[in-house]
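**Student:** One structure, as structure tokens, below. Some questions next.
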Amino acid sequence: MSVKTKLARQAVKTTAKHTARGAASKATRKPFRSITLLTAGVLIGLVVGWLLANHNATEKPSETGAVS
């Protein structure tokens, strides 16, 4: 494993730990806000996923560039 790859992996690992600790700390200080933001993110993700799935299902073959 190269030094560059090893440093990149270590940076990702450190960033993930830092993010997790920060999120946990903020959740203990402001639990209502954390739950609200998490719920909003889940709902937005569900809506976007549904819209993308619904859009792709209703596309006509001529819109996708497929030749019949």
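Nothing in this text is a laboratory measurement; each read-out follows from the coordinates by a stated rule. Fair warning: this is a prediction, and the values are worked out from it, not measured in the lab. As a convention, Cβ positions derive from the backbone with ideal geometry for all residues, glycine included, and neighbour counts pool all protein chains shown.
**Student:** Contour minus end-to-end for residue 56 and residue 18, with contour as 0.36 nm per residue of separation and end-to-end as the Cα-Cα distance? Walk me through the numbers on the way to the answer.
**Tutor:** Numbers: separation 38, 0.36 × 38 = 13.68 nm, distance 3.77 nm.
Contour length minus Cα-Cα distance gives 9.9 nm.
**Student:** Mind giving me the nanometre distance, one decimal, between the label points for residue 11 and residue 48, set 7 Å out from Cα along Cα→Cβ?
**Tutor:** 2.5 nm
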